[in-house]
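Participant: My questions will all concern the structure given below.
The values are calculated or read from the model by the stated rules, or taken from the named source; none is laboratory data. Bear in mind that the values here come from a model prediction, so they are computed numbers and not experimental data. Here the Cβ positions follow ideal geometry from the backbone for every residue, glycine too, while neighbour counts run over all protein chains shown.
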Amino acid sequence: MSEYIETHPILEFKHGRKVNFFFEDEELEGYENEPIAAALHAAGIRVLSYSEKRKRPRGFFCAVGKCSSCLMEVDGRQNVMVCMEPLRAGMKVRRQKGTHQSE
């Protein structure tokens, strides 16, 4: 199920080509070069990480790289801000707890 906005009375949405990527070992589809967080959100993924101290779920929040709510592990690199990181084919994305450890 896709949750992309398809039409808008003023804006025009241009997407890159569709690519496959992996989230927690599940194959998903998104548009190349869109933020990883947007592709996850469109796929229904709302929890991107967990707070380090209280282990509370965090989701897509500021979308401009100013908070730490979207820190995830991407292709083995931890602490990637997925609201800013462009999606590429074959990426492996995983949740991490807080800002240090992956699950």
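Participant: For the range 34-57, which residues satisfy the criterion of being touching a Phe, Trp or Tyr at 6+ places or on another chain (Cβ under 7 Å), of a type in the set (A, V, I, L, M) and not in a helix (DSSP H, G or I)?
Facilitator: Those that are touching a Phe, Trp or Tyr at 6+ places or on another chain (Cβ under 7 Å), of a type in the set (A, V, I, L, M) and not in a helix (DSSP H, G or I): 45, 48.
Participant: Report yes if residue 27 is more than 17 Å from residue 96 (Cβ to Cβ), exposed (fewer than 11 other Cβ atoms within 10 Å of the Cβ) and modelled with pLDDT of 95 or more, otherwise no. Write out each step before concluding.
Facilitator: On the way: more than 17 Å from residue 96 (Cβ to Cβ): yes; exposed (fewer than 11 other Cβ atoms within 10 Å of the Cβ): yes; modelled with pLDDT of 95 or more: yes.
Spelling it out, residue 27 is indeed more than 17 Å from residue 96 (Cβ to Cβ), exposed (fewer than 11 other Cβ atoms within 10 Å of the Cβ) and modelled with pLDDT of 95 or more.
Participant: Hey, another quick one. Filter the range 58-90 down to the residues that are in a loop (DSSP other than H, G, I, E, B), more than 18 Å from residue 42 (Cα to Cα) and not hydroxyl-bearing (Ser, Thr, Tyr) and list them by number.
Facilitator: Residues of the range 58-90 in a loop (DSSP other than H, G, I, E, B): 59-70, 75-76, 82-85, 87-90.
So of that shortlist, the ones also more than 18 Å from residue 42 (Cα to Cα) come out as 65-68, 75-76.
Listed by number, the residues that qualify are 65, 66, 67, 75, 76.
Participant: With 52, 29, 6 as the choices, which residue is in contact with a Ser or Thr (Cβ under 9 Å, 6 or more places away or on another chain) and farther than 19 Å from residue 86 by Cβ?
Facilitator: After ruling out the rest, the residue left standing is 52.
Participant: Here's something else I'd like to know. What pairs come out if I take residues in the range 3-23 that are farther than 15 Å from residue 44 by Cα and pair them with residues that are exposed (fewer than 10 other Cβ atoms within 10 Å of the Cβ) whose C-beta lies under 6 Å away, six or more apart or interchain?
Facilitator: If the second residue must be exposed (fewer than 10 other Cβ atoms within 10 Å of the Cβ), the pairs left are 20/27.
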